[in-house]
Amino acid sequence: MSQEKAGQLDLSWMAVIGDELEKPYMENLRAFLKQEKASGKTIYPPSPLIFNAFNHTPFDKVRVVIIGQDPYHGDGQAHGLSFSVPQGVSLPPSLQNIYKEIASDLGIQMS
């Protein structure tokens, strides 16, 4: 996995979806996020972690993609990975519910 700088998409993903980043909807999204940030709004996850999920696994190693429904919005929670918060961060209610279901269905206690 390689990144030229934090916040950039891993090269293996660039080969597959990199063209999407140049399309008008993505340019509009980037401009909107910059404007929101410039107006003092907090954006989650932080910019260097936007492609965190893609940068953990090169494209050719991906077998399943699970996309989270509810983005975490508390300070320190969002780190670019669905159904996850950084170690040491209190679990949001939605993630607590997922852990309860895993324990109930599979008998596995999550920590």
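I'd like to check something: does the range 16-30 contain any residue that is over 17 Å from the mean Cα position of the chain (by Cα), of a type outside the set (D, E, K, R), open to solvent by 80 Å² or more (accessible area, probe 1.4 Å) and on the phi > 0 side of the Ramachandran plot?
no
Residues of the range 82-111 being part of a loop (DSSP other than H, G, I, E, B) and open to solvent by less than 50 Å² (accessible area, probe 1.4 Å), which ones?
Initially, the range 82-111 is screened for residues part of a loop (DSSP other than H, G, I, E, B), giving 82-92, 107-111.
Once the filter is applied, which keeps residues that are part of a loop (DSSP other than H, G, I, E, B) and open to solvent by less than 50 Å² (accessible area, probe 1.4 Å), the range 82-111 yields Ser84, Val85, Pro86, Val89, Pro92.
With the condition kept exactly as written, say whether any residue in the range 31-40 is open to solvent by less than 70 Å² (accessible area, probe 1.4 Å), assigned to a loop (DSSP other than H, G, I, E, B), without any contact (Cβ under 8 Å) to a residue 60 or more places away in the chain and over 30 Å from Met110 (Cα atoms). Even if it seems obvious, please write down each step before you answer.
First, pick out the residues of the range 31-40 that are open to solvent by less than 70 Å² (accessible area, probe 1.4 Å): 31, 33, 36, 40.
Of the ones still in play, those that are also assigned to a loop (DSSP other than H, G, I, E, B) are 40.
Right, trim to without any contact (Cβ under 8 Å) to a residue 60 or more places away in the chain and you get 40.
Still in the running and over 30 Å from Met110 (Cα atoms): 40.
Yes; the residues of the range 31-40 include at least one that is open to solvent by less than 70 Å² (accessible area, probe 1.4 Å), assigned to a loop (DSSP other than H, G, I, E, B), without any contact (Cβ under 8 Å) to a residue 60 or more places away in the chain and over 30 Å from Met110 (Cα atoms).
Considering only the range 45-54, I want to know if a residue exists there that is under 22 Å from Ile98 (Cα atoms), of a type outside the set (Lys, Arg) and assigned to a helix (DSSP H, G or I).
First, the residues of the range 45-54 that are under 22 Å from Ile98 (Cα atoms): 45, 52-53.
The next check asks that each one be of a type outside the set (Lys, Arg); those that pass are 45, 52-53.
Pick out the ones that are also assigned to a helix (DSSP H, G or I) and you get 52-53.
Yes, the range 45-54 contains a residue that is under 22 Å from Ile98 (Cα atoms), of a type outside the set (Lys, Arg) and assigned to a helix (DSSP H, G or I).
Which one is nearest to Ser94 (Cα to Cα), of the residues in the range 46-72 that are at pLDDT 90 or above and open to solvent by less than 70 Å² (accessible area, probe 1.4 Å)?
Once the filter is applied, the top-ranked residue is Val62.
Results for (1) of a type in the set (Lys, Arg); (2) under 19 Å from Trp13 (Cβ atoms); (3) in contact with a Ser or Thr (Cβ under 9 Å, 6 or more places away or on another chain), shown as yes or no for each residue.
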{"site": "Lys34", "(1), (2), (3)": "yes, no, no"}
{"site": "Gly40", "(1), (2), (3)": "no, no, no"}
{"site": "Leu49", "(1), (2), (3)": "no, yes, no"}
{"site": "Ala53", "(1), (2), (3)": "no, yes, yes"}
{"site": "Lys61", "(1), (2), (3)": "yes, yes, yes"}
{"site": "Ile67", "(1), (2), (3)": "no, yes, yes"}
{"site": "Phe83", "(1), (2), (3)": "no, no, yes"}
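Would you mind stating whether Gly80 is among the small types (Gly, Ala, Ser) and free of Cβ contacts under 8 Å to residues at least 12 places away in the same chain? Show your work before the answer.
Numbers: among the small types (Gly, Ala, Ser): yes; free of Cβ contacts under 8 Å to residues at least 12 places away in the same chain: no.
Taking the combined requirement at face value, the residue does not satisfy it.
Where residues in the range 56-68 are touching a helix residue (DSSP H, G or I) at 6+ places or on another chain (Cβ under 8 Å) and not acidic (Asp, Glu), which of them is farthest from Val16 (Cα to Cα)?
Initially, the range 56-68 is screened for residues touching a helix residue (DSSP H, G or I) at 6+ places or on another chain (Cβ under 8 Å), giving 58-60.
Then drop every residue that is not not acidic (Asp, Glu), which leaves 58-59.
Numbers: Pro58: 11, Phe59: 8 Å.
Per the criteria, the residue is Pro58.
The values are calculated or read from the model by the stated rules, or taken from the named source; none is laboratory data. Since we're looking at a predicted model, the values are computed, not measured. Methodologically, a virtual Cβ is constructed for each residue, glycine included, from the backbone with ideal geometry; neighbour enumeration extends over all protein chains shown. These accessible areas exclude ligands, DNA and RNA; they are computed on the full protein's heavy atoms, side chains included. Shrake-Rupley method; radii C 1.70, N 1.55, O 1.52, S 1.80 Å.
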